Amino acid sequence: MTVTARPRLPLCADASLAAGEDPIGTAPHWQEVTVLELDVPVWARLRDVANWTAQQSGVFERLRGKVEASGAGFGLLMSAPAQADQPLRVRHYVRRHAGYVRRDYASDLPQSEWARGLIDTLLEPENLSGWRPVETPPSGPDLHVCTHGTVDAACGRYGVPVYAALQAAGLRCWRTGHFGGHRFAATAVDLPGGYLWAHLTPELAVQVARREVSPAEVAGHLRGFAGLPPLAQVLDRELLIRYGWDWLRAARWAELDGPDVSLHFELDGLKGTAHAEIAAAPSLKLPGSSHKPDLSDVRQWQMRELRVELQATAQAIP
């Protein structure tokens, strides 16, 4: 009997690139981010829902309730520590007007107690008094690169070389478990600035981390600013292009009325509001995974009628 091997599916990241997908507006909207420092084998155990303890199941029920009550989303990242078999540590980022503020905490807990890290950062922050504060490193980006190839082959193929390049360049970076967006591999979360990136190459990742490339040149790699909802991320990208990397210092918040977005901002004494209509562009049919042939509709966005009003001069910039 002849057995015919099934053809290997193309990587979803390759399909996204070939289709010319614009990734803007695909960043999740997070008010807080907790990074659990967990050895890579522990990543699979955290994702093994069927074998969660009652405490581990309960924490996600409570987190769902928090999100439903407040509308405030949260990020959960698993990053590999520099040394294996260490006690549980967490990095906690909280949304402020200009990006996020980072705080680090250490404990004597085994990594199997990862649920405590979520409870004490996201649900009962008063418990952090029982953790040891760790000095926060100097300013600069923290790059969390998805290398979780067992979840999607694209993240292993493209994420690992990007992580290696960042590490070789002496930049602050971590191998990180799946956080969504396989088809954007290599994808990374850039904190405390709050941007998510798509289709990074090793060279481009280093340039982005060092801010050696202009935002205009990498706009097509930007998934969005996690501090804003998806439609506002589209408008935020335009202002990042306009003001350059200084925009990372801008306090900004959005108001949405259907497709109409108003983004209020303050930057180095400059106050203003940007207005634009964010309309749907023709969608694409793309795979969401490198392991399944199913295609789904992928939204695309286009911005119309951008208008920026500066409060100081009451003058609109065309």
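The values are calculated or read from the model by the stated rules, or taken from the named source; none is laboratory data. From a predicted model like this one, the values you see are computed outputs, not experimental measurements. Because the Cβ atoms are built from the backbone with ideal geometry, glycine has one as well, and the counts that use them run over all protein chains shown.
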* Asked: In the set 241, 278, which member is touching a Lys or Arg at 6+ places or on another chain (Cβ under 9 Å), hydrophobic (A, V, I, L, M, F, W, C) and either exposed (fewer than 14 other Cβ atoms within 10 Å of the Cβ) or under 30 Å from residue 12 (Cα atoms) (or both)?
  -> 278
* **Which listed residue, of 196, 200, 171, 166, is surrounded by 19 or more Cβ atoms within 10 Å (Cβ to Cβ), free of Cβ contacts under 8 Å to residues at least 60 places away in the same chain, under 23 Å from residue 103 (Cα atoms) and among the hydrophobic types (A, V, I, L, M, F, W, C)** => 166
* Asked: Taking region 16-42 only, how many residues are surrounded by fewer than 20 Cβ atoms within 10 Å (Cβ to Cβ), among the aliphatic types (A, V, I, L, M) and either modelled with pLDDT of 95 or more or more than 30 Å from residue 101 (Cβ to Cβ) (or both)?
  -> 3
* Asked: Taking region 1-15, which residues are touching a strand residue (DSSP E or B) at 6+ places or on another chain (Cβ under 9 Å) and either modelled with pLDDT of 95 or more or part of a helix (DSSP H, G or I) (or both)?
  -> 12, 15
* Scan region 88-103 for residues that are of a type in the set (Lys, Arg) and over 27 Å from residue 39 (Cβ atoms) and report the count. => 2
* **residue 222 touching a strand residue (DSSP E or B) at 6+ places or on another chain (Cβ under 6 Å), touching a residue at least 60 places away in the same chain (Cβ under 8 Å) and buried (at least 20 other Cβ atoms within 10 Å of the Cβ)** => no
* Asked: With respect to the numbered conditions (1) touching a residue at least 60 places away in the same chain (Cβ under 8 Å); (2) assigned to a helix (DSSP H, G or I); (3) within 27 Å of residue 190 (Cβ to Cβ), which one is the sole condition not fulfilled by residue 62?
  -> (3)
* Asked: Taking residue 88, is it touching a Pro at 6+ places or on another chain (Cβ under 8 Å) and under 24 Å from residue 167 (Cβ atoms)?
  -> yes
* Specify which of the listed residues (234, 261, 308, 213) is surrounded by 14 or more Cβ atoms within 10 Å (Cβ to Cβ), assigned to a loop (DSSP other than H, G, I, E, B) and of a type in the set (A, V, I, L, M, F, W, C). => 213
* Structure fact -> Within region 117-165, residues farther than 21 Å from residue 93 by Cβ, not β-branched (Val, Ile, Thr) and not in a helix (DSSP H, G or I) come out as 149, 152
* **Qualifying residue in region 188-201 (condition: in a helix (DSSP H, G or I) and either β-branched (Val, Ile, Thr) or on the phi < 0 side of the Ramachandran plot (or both))** => no
* To do: For region 209-230, indicate whether the set of residues that are of a type in the set (D, E, K, R) and within 12 Å of the chain's Cα centre (by Cα) is non-empty.
  => yes
* Residues located in region 83-99, provided they are within 22 Å of residue 40 (Cα to Cα) and either in contact (Cβ under 8 Å) with a residue 60 or more places away in the chain or not basic (Lys, Arg) (or both) -> 83, 84, 85, 86, 87, 88, 90, 92, 93
* Would you check if residue 96 is within 20 Å of residue 175 (Cβ to Cβ) and of a type in the set (Lys, Arg)? => no
* Asked: Inside region 247-283, can you point out the residues that are farther than 16 Å from residue 303 by Cβ and polar (S, T, N, Q)?
  -> 283
* **Residue in region 36-57 that is closer than 24 Å to residue 138 by Cβ, out of contact with any Pro (no Cβ under 7 Å at 6 or more places or on another chain) and of a type outside the set (A, V, I, L, M) present** => no
* Asked: Out of curiosity, is residue 176 in contact (Cβ under 8 Å) with a residue 60 or more places away in the chain, out of contact with any Asp or Glu (no Cβ under 8 Å at 6 or more places or on another chain) and surrounded by fewer than 17 Cβ atoms within 10 Å (Cβ to Cβ)?
  -> no
